[in-house]
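Read the structure below first, then the notes.
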Amino acid sequence: MKTLLNLIVAAVFNGTPLLYGTMGEVLTEKSGNLNLGVEGMMYMGGALGLGAAFYYEKAAGAAASGQVAVVLALAAAFLAGAAGALIFSFLTVTLRANQNVTGLALTIFGTGVGQFLGEYMRVRENGYVAVSNALKAAFQNSPFPRALQNLPVVGQLVFGYNIFVYLGVAAALVMSWYLGHTRSGLQLRSVGESPATADAAGINVSRYKYAATIIGGGIWAIGGMAFIMTVAGAVWNHEGLSGEGWLAVALVIFCLWTPLRALWGSALFGGLMVLYLYLPLDFIPGQLYKILPYVVTVVVLVAVSMRQKRENQPPAGLGNAYFREER
């Protein structure tokens, strides 16, 4: 029982960065934009988020506040991702460049920028960039009182996570409500399904594509920052994020473009990533055990592609540039 509880907690903990990446890509793809630059934006968010907290603490010294550090890291990561997504939007919406090629280029660009900034900080600080244990606690400890955390079973399963888990759950609920129950959300979905029809109805297609892609990019980057500040121990590692962004892209399909499904989907994949630690099997080589999430990803992509139901399919206009002159 204790092993199962620990596995569930670890699954949620490790799946939280994937949750942000998935939500950001869901919002982006609902507008009809297919941005494959998630990996790069997560790298940028991780480097700049850690840098914001690190240099804030360095400037404030003993007076540094953990809450302020979290807010600064969130803001820096979001702005980094939004800036990268703005570049993507300009190239694909305004200049109508190929979305697949642009997204892959953004992955290379964002990964390079993130690694450069991280390594630059590391070299500048004599080889070590990390926040203090006092500040790290604000990122990694639960925001709830210790009395709630110590409740049997419930305390560990409900009140024992870091702040990013609860922010992620709240964001998924808000996004689900926005897409399904607001006028603006329905208009965004119509842009992704048929931009020509939405345009004919008086909806500003470019504005919705820009807004969804930029906000989605910021959400991805928060996922990268959450990974660095929690899973990676708030220490810069230039290869620490490898593969997280691509798993998030696959999770969008696994979750059928639904934010609420991303909650349990990200936890499932987070559990697969650490399953070898909690359920070791001697007859399976460790290297094969560790690639289990990627094997499941391939199986999921094949299974979803075989489904013929319309509700299981991506937005009809996904990945296609909109030429108003051809309407």
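The values are calculated or read from the model by the stated rules, or taken from the named source; none is laboratory data. Since this is a predicted model, take the numbers as computed values, not measurements. Every residue, glycine among them, receives a Cβ derived from its backbone with ideal geometry; neighbour counts consider all protein chains shown. All accessible areas refer to the heavy atoms of the entire protein, side chains included, with ligands and DNA or RNA removed. Shrake-Rupley method; radii C 1.70, N 1.55, O 1.52, S 1.80 Å.
Would you confirm, using the coordinates I've provided, whether V113 is within 22 Å of G243 (Cα to Cα), in contact (Cβ under 8 Å) with a residue 12 or more places away in the chain, assigned to a helix (DSSP H, G or I) and open to solvent by less than 60 Å² (accessible area, probe 1.4 Å)? Answer is yes for this residue. Do we have any residue at all in the range 177-186 that's within 27 Å of T297 (Cβ to Cβ), at pLDDT 95 or above and either of a type outside the set (A, V, I, L, M) or part of a helix (DSSP H, G or I) (or both)? The answer is yes, given that some residue of the range 177-186 is within 27 Å of T297 (Cβ to Cβ), at pLDDT 95 or above and either of a type outside the set (A, V, I, L, M) or part of a helix (DSSP H, G or I) (or both). Residue check: M121 meets all listed conditions (1) surrounded by fewer than 15 Cβ atoms within 10 Å (Cβ to Cβ); (2) at pLDDT below 95; (3) part of a helix (DSSP H, G or I) but one, namely (1).
Would you confirm, using the coordinates I've provided, whether L277 is open to solvent by 70 Å² or more (accessible area, probe 1.4 Å) and among the hydrophobic types (A, V, I, L, M, F, W, C)? Taking the combined requirement at face value, the residue satisfies it. Among the residues of the range 101-140, those that are in contact with a Phe, Trp or Tyr (Cβ under 8 Å, 6 or more places away or on another chain) and β-branched (V, I, T) comprise T102, T111, V113, V129, V131. All of (1) over 30 Å from G317 (Cα atoms); (2) of a type in the set (F, W, Y); (3) out of contact with any helix residue (DSSP H, G or I) (no Cβ under 7 Å at 6 or more places or on another chain) hold for F90 with one exception: (1).
A single member of Y178, Y208 is crowded, with 18+ Cβ neighbours inside 10 Å and under 26 Å from T258 (Cα atoms), and it is Y208. Entry remark, the range 187-205: residues being assigned to a helix (DSSP H, G or I) and open to solvent by 50 Å² or more (accessible area, probe 1.4 Å) number 4 in total.
Kindly evaluate N150 against the criterion of being more than 29 Å from Y55 (Cα to Cα), surrounded by fewer than 14 Cβ atoms within 10 Å (Cβ to Cβ) and without any contact (Cβ under 8 Å) to a residue 24 or more places away in the chain. It is true that N150 is more than 29 Å from Y55 (Cα to Cα), surrounded by fewer than 14 Cβ atoms within 10 Å (Cβ to Cβ) and without any contact (Cβ under 8 Å) to a residue 24 or more places away in the chain.
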